[in-house]
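Colleague: Below you will find the structure I want to go over with you.
The values are calculated or read from the model by the stated rules, or taken from the named source; none is laboratory data. Just so you know, these numbers come straight off a predicted model, no measurement behind them. Cβ atoms come from the backbone with ideal geometry, glycine included; neighbour counts cover every protein chain shown. SASA here: full protein model, heavy atoms, side chains in, ligands and nucleic acids out. Shrake-Rupley method; radii C 1.70, N 1.55, O 1.52, S 1.80 Å.
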Amino acid sequence: MNPTARTPDSPVAEPVDRRLARAIQRVTATALGPYQAAVVRIGFAAAWLLFLLREFPHRHEMYGPHGPWSWDMAQQLIANNHSFTVLMWSDSTLWFEIVYAVAVLSGVMLLVGWRTRTMSVLFMVGVLSLQNRSIFMGDGGDNVIHLMAIYLVLTRCGQVWSLDARRAARSGAQRDVVGPMLWVAVAPGLVAATLFIDRTGETWLLVLLWLLWAAQGLWWLVCRYAPDQPRVLLDVLANLVHNATLVVIMAEVCLIYATAGWYKVQGSRWQDGTALYYPLNLEYFTPWPALSDILAASGVMVMLLTYGTVIVQVAFPFTLFNRRVKNVLLVVMMLEHAGIALLLGLPFFSLAMIAADAVFLPTVFLVWLGGRVRRVRERLLPRTGTVPEQRPVPEDRTPRTLVG
């Protein structure tokens, strides 16, 4: 009898090597956290899209060639810091409008999950191009979107809650036509970026874009002509990259809160519990002056919120070892960001941070939330045909697309 086998009378722990093999199998054969990746995709696409739409009347002053931060000044700065932006290819208004329109369109398409592999790349290009064009226009939320736009490119974030998942559930393994057309259409942009490499910015990002483009072509060739072992190998590599990127996103969120919390601990205003009082009395951070005055008038409330912010930010990385405490603190942090959006007038910063926090939401809650949203949608938009519930598509049923 195997001494490590489980029996009804004397359950014995599974051998370590078997557990390790099972863990490796899960990491390589599955793209983990499909619902978390989807909600991060939706959250950041929504935050960036809403920001672009709100600032649409002011886009020329913020990022255009005729703004206070002129095209020549931006060119000099980018020549030193080598930040990536395609807006330096030309100082014409037409080129700026094209880039801005592509940024808006890619945000919409990424939000609904249409051709997420392509749209995540275009989304990243739009975010980096606009933010690096006028670096003094951003805040902490823009920095988070900047990083997450790069990370989303490396994730398989369209497995659920996307038009891609719906297409996969309906069409199965039918031959894709739109994917190859998008792949060919993207090529001229990469060629132009290579020709304008002295104005584009960081070379490593351009190399990454070429690698991503070539990888999608290789994926299509393998799925078309070698769908067996080579396809399995590509799936394993894609899953490893996706899972590693999710870990990086989680580490990034923990790092943001840890550094913010520990820097606050060192500040005298945070130590005496009065830090929140000052922004509540600045006109720039008081969209609702009456509400800010009521809160600022209560010294006890200001002290509790100030100390509570520090405690939550410092403690959050350590709560990951306890699921229940982590979930409670996660709710507190999201409510805190909602309060920042309301009281301090920073809605896009708050939405970006809530989207980042969502990577830690439990799968059970996200599945329940998706079901509730689906029921509400069906009541508001009744259809004759029913749409199957979107679940992660098994690898052997994933449609063989080029940039889907």
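Colleague: Please work out the FRET efficiency for the pair residue 322 and residue 271, using the Cβ-Cβ distance as r and a Förster radius of 30 Å; give the result to the nearest 0.05.
Modeller: Efficiency computed from Cβ-Cβ geometry: 0.60.
Colleague: I've got another one for you. GNM on the chain, C-alpha springs below 10 Å: top fluctuator among 322, 239, 81?
Modeller: Between 322, 239, 81, it is 322 that shows the largest mean-square fluctuation.
Colleague: Consider the candidate values (1) -0.30, -0.40, -0.96; (2) -0.33, -0.44, -0.88; (3) -0.51, -0.63, -1.05; state which one is log10 I(q)/I(0) by the Debye sum over Cα atoms at q = 0.06, 0.07, 0.11 Å⁻¹ computed from the structure displayed.
Modeller: Here log10 I(q)/I(0) by the Debye sum over Cα atoms at q = 0.06, 0.07, 0.11 Å⁻¹ agrees with entry (1).
Colleague: Picking from 31, 134, 77, whose Cα lies most toward the positive end of the charge dipole for segment 1-147 (charges on Cβ: Lys, Arg +1; Asp, Glu -1)?
Modeller: It is 31, whose Cα lies furthest towards the positive end.
Colleague: For residue 80 and residue 300, what is the calculated FRET efficiency with R₀ set at 35 Å and r taken between the beta-carbons, to the nearest 0.05?
Modeller: With R0 = 35 Å, the Cβ-Cβ based efficiency is 0.10.
Colleague: Could you give the accessible area per residue of segment 89-206, probe 1.4 Å, as a whole number in Å²?
Modeller: About 42 Å² of surface per residue is accessible.
Colleague: Per residue, how much accessible area does segment 254-347 have with a 1.4 Å probe, in Å²?
Modeller: Here the per-residue accessible area is 61 Å².
Colleague: Right, next: What is the packing order of peptides 307-314, 183-190, 30-37, 335-342, taking the mean over residues of other C-beta atoms within 10 Å and listing the highest first?
Modeller: 30-37, 307-314, 335-342, 183-190
Colleague: With springs only between Cα atoms under 10 Å, which of 240, 154, 381 fluctuates most in a Gaussian network model of the chain?
Modeller: Taking springs between Cα atoms under 10 Å, the residue moving most is 381.
Colleague: Using a 1.4 Å probe on the protein heavy atoms, what percent of the accessible area of the chain belongs to carbon and sulfur?
Modeller: Heavy-atom surface of the chain belonging to carbon and sulfur, 1.4 Å probe: 68 percent.
Colleague: So, one more: Report, to two decimal places, the Cα Rg of segment 135-287 normalised by 2.2 N^0.38 Å (N = number of residues).
Modeller: In units of the 2.2 N^0.38 Å rule of thumb, it is 1.49.
Colleague: About the Cα centre of segment 67-181, what is the dipole size in debye to 20, counting +1 per Lys and Arg Cβ and -1 per Asp and Glu Cβ, all else neutral?
Modeller: Value, rounded to 20: 740 debye.
Colleague: Leaving ligands, DNA and RNA out of it, work out the accessible area of residue 73 with a 1.4 Å probe and give it in Å² to the nearest 10.
Modeller: About 80 Å², ignoring ligands and nucleic acids.
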